[in-house]
1. Determine the per residue accessible area of the chain with all protein chains present and a 1.4 angstrom probe, expressed in square angstrom.
2. Quick one: what do you get for the chain if you divide its Cα Rg by 2.2 N^0.38 Å?
3. If you look for lysine pairs in region 177-274 that are eight or more places apart or on different chains, how many of them have Cα atoms under 13 Å apart?
4. What residue among Ile120, Val285, Ile135 has its Cα farthest toward the positive end of the dipole of the chain, where the charges are +1 on Lys, Arg and -1 on Asp, Glu, each on the Cβ?
5. Could you grab the Rg to Rh ratio for region 159-300? Cα atoms only, Kirkwood for Rh.
6. Put a dot 7 Å past each Cα toward the Cβ at Leu288 and Leu7; how far apart are the dots in nm?
7. Taking every pair of Cα atoms in region 229-300, average 1/r, invert it to obtain the Kirkwood radius, and report Rg/Rh to two decimals.
8. When you count, for each residue, the other Cβ atoms within 10 Å and take the mean per peptide, how do 174-185, 234-245, 282-293 rank with the highest first?
Amino acid sequence: FLFSLFLFFLRFKFFLKNNLYYFNSRDYILFFSLFLIIISLITIFIGTFLPLFIDLFFDNKISIGDLFFNIVSLPFLALSIFFIPFMYILNKYSVYFFLLSLLFSYFFIDGFLFWKFFYIFLFIWLFLNFLFFLIKIFFSLIKINNFYRSFLFFLSHFGILILVIGISISSFYSIEKDCVLKIGDSIDFLNYKLVFNRILNKNSYNYISDIGEFSLYKNSKLLCKIFPEKRIFFVSGVYMTESYVFSNFFCDIYLALGKKINENTWSCRFYYKPFISFLWFGFIVISLYSFLRFIILINR
């Protein structure tokens, strides 16, 4: 943002010329979308660093949870993404895409929750417009003189679409459980099963730990062993939780040991997060676009 602002002031004379800009033009829509992104980034910055500043200067500890980010920053970001088709991808079929998105969103949620409805709508709305754009861009790539421009254009929006897919699915189809398990108990979710096998003990030079051994099954087939850990350090007496993460292309599964109830019973915290890999992949694609764009600008 600061770099873009610097470029704006360098070319300020250009904006003083008699150029006509209409409020329904791509320039104003782009400006409004970026303005919403900046607001979202500022709120994320405040929510992230405010507890550190208060702890540093006032010696008080506060905690800002995910509710702040979901309520304050996420709506601005979602609205910004909503305007992407209006900037580039919008076409004469977008009215039908809009109506189809509303219809599909209604069937995807149980009961009307505005923001949940909006996020599902946002995903379907972008997907339909982008699919049409993908077909259109395919024919542009055939033309050699438009290849680089069309490819970079495709790459940037493809990365955003992948991010929206990952955010939408992981937000609305995640599973979180706090439970108390005895040795031999299990957690069943979707077509997975997590079985609590036993507790192992480990002695290190500066801590001792209890390690839970869990077996993760999918459709009754063993996928892997999971080993979350609870450590206590000798000198400070501080407890530290070492959670275990199982990852594949479709989901991430997190497991952490909580409080020890007795020798055979522990509290556990469990998370199932689908399509987290799409967040990483979308970020990589957008970063690749930025790098290629930077190379092109340098070589001009």
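The values are calculated or read from the model by the stated rules, or taken from the named source; none is laboratory data. Owing to the predicted nature of the structure, the values given are computational and were not obtained by experimental measurement. Heads up, the Cβs are rebuilt from the backbone with ideal geometry, glycines too, and the neighbour counts pull from every protein chain shown. When the accessible area is computed, the model is the full protein with side chains, heavy atoms only, and any ligands, DNA or RNA have been set aside. Shrake-Rupley method; radii C 1.70, N 1.55, O 1.52, S 1.80 Å.
1. Details: 20090 Å² over 300 residues.
Computed with neighbouring chains in place, this is 67 Å² per residue.
2. 1.28
3. Lysine pair count for region 177-274: 9.
4. Ile135
5. On the way: Rg = 19.8 Å, Rh = 17.4 Å.
Rg divided by Rh gives 1.14.
6. 2.2 nm
7. Checking Rg against Rh, the ratio lands at 1.31.
8. Values: 174-185: 13.3, 234-245: 11.8, 282-293: 15.1.
Ranked by mean Cβ neighbours within 10 Å, highest first: 282-293, 174-185, 234-245.
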